[in-house]
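A short worksheet on the structure shown next.
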Amino acid sequence: MLDAKIPEGSLEEKWNDYKGHCKLVNPANKRKLEIIVIGTGLAGASAASSLGELGYKVKAFCFQDSPRRAHSIAAQGGINAAKNYQNDGDSVFRLFYDTIKGGDYRSREANVHRLAEVSVNIIDQCVAQGVPFAREYGGLLSNRSFGGTQVQRTFYAAGQTGQQLLVGAYQSLERQIALGNVKMYNRHEMLDVVVIDGKARGIIARNLISGELERHSGHAVLICSGGYGNVFYLSTNAMGSNVTAAWKAHKKGAFFGNPCMTQIHPTCIPVSGEHQSKLTLMSESLRNDGRIWVPKKQNDTRKASEIPEDERDYYLERRYPAYGNLVPRDVASRAAKERCDAGYGVGTSKQAVYLDYAAAIERYGHVEAGKRGTANADAATIIELGKDVVKEKYGNLFDMYEKITGENPYQLPMRIYPAVHYTMGGLWVDYELQTTVAGLYALGEANFSDHGANRLGASALMQGLADGYFVIPYTIGNFLADEIRNAATPVDHPAFIEAEKEVAGRIQKLMSIKGKQSVESLHKRLGKIMWDKCGMARNAQGLQEAIQEIRQLKDEFWTDVKIPGEINEMNTELDKAGRVADFIELGELMCIDALNRNESCGGHFREEYQTEEGEALRDDENYMNVSAWEYNGDHKWILHKEELKYEVVKPSQRSYK
Ligand SMILES: Cc1cc2nc3c(=O)[nH]c(=O)nc-3n(C[C@H](O)[C@H](O)[C@H](O)COP(=O)(O)OP(=O)(O)OC[C@H]3O[C@@H](n4cnc5c(N)ncnc54)[C@H](O)[C@@H]3O)c2cc1C
């Protein structure tokens, strides 16, 4: 069993107690210690700037041309925090409890409680940085609801919360760059971790403009490289998001936690054809006010406007009256799939359900008319007033929908369907966010840590910033305090030379294949296997088939991939090839993990294990654990387990009814 190094004491006291007792590094010593941060999305930028401000020497890397282009910028809906500004019953405990329950009792209590505790500091930090959170008329910060909760605890900046938070983190990062505490390496891709005597001591990175390989040494390495949803090819993730940094760390000894746990988001624009390479999220914030429905009649071909109210099935409100349209994502996604599979889907593909704003527009219209003292306003005025309110709250999301589909969502209900969105799995980390390799840490979506089998909406931004601003500044000191006598490892150390040789050899091998199939086409085929057999629903037979198909695909990739261009130049096909090669290996592990977990929980839905009502059926007796996989050579992994002990929450069959 793996030891997560959870501090002793009561749940509420663990983090305080840890902070009071962890080792510290004095300012003069901090200046001598170098930390490498891979990724400058919300997790990496917040970590790099905080560590720079503390006085460490930080080197930060991202593959984009600027930290501001990290995938975090795409986050739309919001960030949770237990501020209880709405006085609606929220508390640190309730955020903790909702997250544990939302994750279907597959996350670690101590981490989740710490996350809920520091959530309140995040909002203060971001407000101090000038993040323009939405405010009420009177100036107080506004909140909205997200799935899996009955309170309003989500802070937001229109439909651009990630962008505004990232600008905040980026500003503080830039400040540290200007002060010389952080050195930024844009357009660099980490391609290996250098491990010496069991400790992470540096990385091999490729300059993506010149193609040159570089060696960088440090006393610790932080992997903040985001999630791996693009293993499915079609996902809501930024096109560049990939698993390479985490995968290289995995192959150097870091265990991979719960790789099969993927989040399929219920409100995305449906797939429209074979030539699509990207899916678009319609933020979960839209479930705040929107109502989801399908026709009550099977194979109904009428337009939405022709279907009368009593012939509409608001199936989430019907099945889950307590949470209605705000059930967690895994539940909402499965319910949409169930309706479509049963023949109630809408649109030409019949693989969509309606997300309807008509009732919200009318409701807001009445409120506005009341405010203006014109409660008897005619229907058209009410609708116009209501549209203005909706526009203010969700305008950019509605514009995006119209641009992509050509339909006006103020007039017609949107058509939506679930799509791959987030990965709860990732590098296994202990309470200190340290992987199984000493000095190698993982933060943000790259780790597996806080969301169990299903993440609640608006909790990823919270976790990334919690890890970077508030957790790692303490926990890394506990490790680095013992490193003050060690000078930075020179980059001509044999381990660096060897690692660089391996990376160069792999690149050379890729370029020398000169086959016929494009990287994109092989990635697409991987995605189809993953979606069909390790997607929203999985079963043992499909997973066994998928493992064989992925192994064959891997052979094909390494014998027939075609990569144009040269090594020592900017070559985006080569960059992509390396990433897809890693996705293929990861895909195999995801299927092995899904096959191994003979239960359903959260986003991991094994068809063999469901309740009579089609809900996920856990097996707490045998699977109340994190699966942490150790790489042991090509196609081989060793399974380790971290037992999950629930001391405060009593696991039960999740109910949102
Ligand atoms: C469309 C969309 C909307 C979302 N909306 C919300 C929301 O409203 N609320 C919420 O809580 N969550 C939301 N999420 C989830 C959330 O955005 C992500 O989980 C979070 O932003 C991840 O942040 P991160 O810092 O871990 O990684 P990222 O933002 O993905 O950053 C990864 C960084 O790592 C770098 N990198 C990666 N590999 C390498 C390498 N090999 N070498 C060098 N650098 C590397 C990249 O350059 C980048 O800087 C949304 C997700 C999507 C897809």
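Numbers for the structure displayed
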{"item": "Residue under evaluation residue 165, criteria (1) free of Cβ contacts under 8 Å to residues at least 40 places away in the same chain; (2) within 9 Å of the ligand (Cβ to nearest atom), criterion not met", "result": "(1)"}
{"item": "Top-ranked residue of the range 440-484 - restricted to ones that are in contact with a strand residue (DSSP E or B) (Cβ under 8 Å, 6 or more places away or on another chain), assigned to a helix (DSSP H, G or I) and within 15 Å of the ligand (Cβ to nearest atom), ranked as farthest from residue 616 (Cα to Cα)", "result": "472"}
{"item": "Number of the exception - residue 243 against (1) within 12 Å of the ligand (Cβ to nearest atom); (2) crowded, with 24+ Cβ neighbours inside 10 Å; (3) modelled with pLDDT under 95", "result": "(3)"}
{"item": "Residue that is nearest to residue 413 (Cα to Cα) [pool: residues in the range 268-310 that are β-branched (Val, Ile, Thr) and either more than 16 Å from the ligand (Cβ to nearest atom) or exposed (fewer than 15 other Cβ atoms within 10 Å of the Cβ) (or both)]", "result": "292"}
{"item": "Whichever residue in the range 246-267 is of a type in the set (Gly, Ala, Ser) and outside any loop (DSSP other than H, G, I, E, B) and, among such residues, is farthest from the ligand (Cβ to nearest atom)", "result": "257"}
{"item": "The range 624-657: number of residues that are in a loop (DSSP other than H, G, I, E, B) and of a type outside the set (Lys, Arg)", "result": "15"}
{"item": "Top-ranked residue of the range 212-229 - restricted to ones that are surrounded by 23 or more Cβ atoms within 10 Å (Cβ to Cβ) and assigned to a strand (DSSP E or B), ranked as nearest to the ligand (Cβ to nearest atom)", "result": "223"}
{"item": "Hey, residue 234 modelled with pLDDT under 95, closer than 27 Å to residue 424 by Cα and either in contact with a strand residue (DSSP E or B) (Cβ under 8 Å, 6 or more places away or on another chain) or within 12 Å of the ligand (Cβ to nearest atom) (or both) or not", "result": "no"}
{"item": "Residue list for the range 39-66, filter: near the ligand (Cβ under 6 Å from one of its atoms), outside any loop (DSSP other than H, G, I, E, B) and more than 16 Å from the chain's Cα centre (by Cα)", "result": "61"}
{"item": "Residue satisfying condition, being touching a residue at least 40 places away in the same chain (Cβ under 8 Å), surrounded by 20 or more Cβ atoms within 10 Å (Cβ to Cβ) and of a type in the set (Gly, Ala, Ser), within set 365, 425", "result": "425"}
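Yes or no, residue by residue, for (1) modelled with pLDDT of 95 or more; (2) in contact with a helix residue (DSSP H, G or I) (Cβ under 7 Å, 6 or more places away or on another chain); (3) crowded, with 16+ Cβ neighbours inside 10 Å; (4) of a type in the set (Lys, Arg):
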| residue | (1), (2), (3), (4) |
| --- | --- |
| 109 | yes, yes, yes, no |
| 114 | yes, yes, yes, yes |
| 122 | yes, yes, yes, no |
| 125 | yes, yes, yes, no |
| 132 | yes, yes, no, no |
| 145 | no, yes, yes, no |
| 153 | yes, yes, yes, yes |
| 162 | yes, yes, yes, no |
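The rows are residues; the columns are (1) buried (at least 24 other Cβ atoms within 10 Å of the Cβ); (2) under 25 Å from the mean Cα position of the chain (by Cα); (3) closer than 22 Å to residue 630 by Cα.
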position	(1), (2), (3)
197	no, no, yes
202	yes, no, yes
210	no, no, no
231	yes, yes, yes
263	yes, yes, no
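The values are calculated or read from the model by the stated rules, or taken from the named source; none is laboratory data. Keep in mind it's a predicted model, so treat the numbers as computed, not measured. Don't worry about glycine lacking a Cβ; one is built from the backbone with ideal geometry, like all the others, and counts go over all protein chains shown.
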